[in-house]
Amino acid sequence: MNAVNLKKNPIGIFDSGVGGLSVLREIRRELPGEDLLYVADSGHAPYGDKSVQLIETRAIAIVEFLVSQNAKAIVVACNTATSAAIATLRAKFPVPIIAMEPAVKPAAAHTKSGVIGVLATSGTLASDNFAKLHNRFGADVKILIQACPGLVEQVEAGDLSGSKTRALIAQYVTPLLEQGADTLVLGCTHYPFLAALIHQIAGPTVAIIDPAAAIARELRRRLTSAKLLSVENRAGSERFWTSAAPDVTRPVIFKLWQMEVDVQSLPN
């Protein structure tokens, strides 16, 4: 297929669940004319407590599916999946693959106190990718890490402001603030949906860094470089799949995406 036809193909985005919708939102703002395919692997969420082998197997299966849907590029909208599988995915698939990583670099540049806190899953924090980030920027700033078990499940359930969610955030954020953190990194794509609650608990002087907009800009750059950017002068579409029961995932996607959508069952 020639490059002109490839430009019309969609972009594939996936996450362990619905969290990657925070990235999809920024991609839609950055690239309003592109067709987007989104897979929520909610049947296997959260990834944070799963083995590297299982996450890699899931990532390969999902990318194979997205490529079968003619995806011209893939966005791994999940920090844990990036840590576990990005090298394998890039070796296996010829399409451009854009990956997440916790926004430690911009946080290190932003902090005034010299202390940043990273909120993430245990899988992300234990990864080689994060160790490299820590080594690269930890000499200049103090990096506090905080695993946040339970937060992904709260977002997957659509509970963005309930008492349990609030208690978990307070449990995870308060120790970081007590140690002087003035900048918090959202190291999981589910967490931007909790940003309002994190702001309430952390207070107005604490900055919250979400890398989603930067990922969307990087996707545009990669598509432009590969001559794959759509030239269609129209509004792009979105299609959604889930590995959980669609009737369970659909209302959560509706709540987060703020639009009625059709959610299909991901083929096995």
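Where a number appears in this text, it was derived from the coordinates with a stated rule and is not lab data. The structure presented is a predicted model; accordingly, all values stated were derived computationally and were not measured. With ideal geometry, Cβ positions are generated from the backbone for all residues, glycine too; neighbour counts draw on all protein chains shown.
Compared with the dominant Cα axis of the chain, that is its longest principal axis, helix 52-68 is turned about 30°. Using the empirical formula 2.2 N^0.38 Å as the baseline, the Cα radius of gyration of segment 104-210 reaches a ratio of 1.00. Counting lysine pairs in the chain that sit 8 or more residues apart in sequence, or on different chains, and whose Cα atoms lie under 21 Å apart gives 11.
The ranking of CYS188, CYS78, CYS148 by Cβ neighbour count inside 10 Å, starting from the fewest, reads CYS148, CYS188, CYS78. In degrees from 0 to 90, rounded to the nearest 10, what is the angle of the helix 128-137 Cα long axis to the longest principal axis of the chain? With both axes taken from Cα atoms, the answer is about 50 degrees. Here the chain is scanned for trypsin sites (Lys or Arg not before Pro) in DSSP loops (not H, G, I, E, B) that have at most 14 other Cβ atoms within 10 Å, and the longest stretch holding none of them is 113-226. Each residue in TRP257, TRP241 was given a count of other beta-carbon atoms within 10 angstrom of its own, and listing them fewest first yields TRP257, TRP241. Taking other C-beta atoms within 10 angstrom as a stand-in for reagent exposure, PHE93, PHE193 fall in the order PHE93, PHE193, fewest first. For segment 92-124 and segment 162-180, what is the centre-to-centre distance using only Cα atoms, to the nearest Å? Each part's Cα centre sits 20 Å from the other's. Short-range pairs are left out: with C-alpha atoms under 8 Å and at least six residues apart, the relative contact order of segment 34-163 is 24 percent. Express the relative contact order of the chain as a whole percentage, based on alpha carbon pairs under 8 Å and six or more residues apart in sequence. In percent, rounded to a whole number, it is 28.
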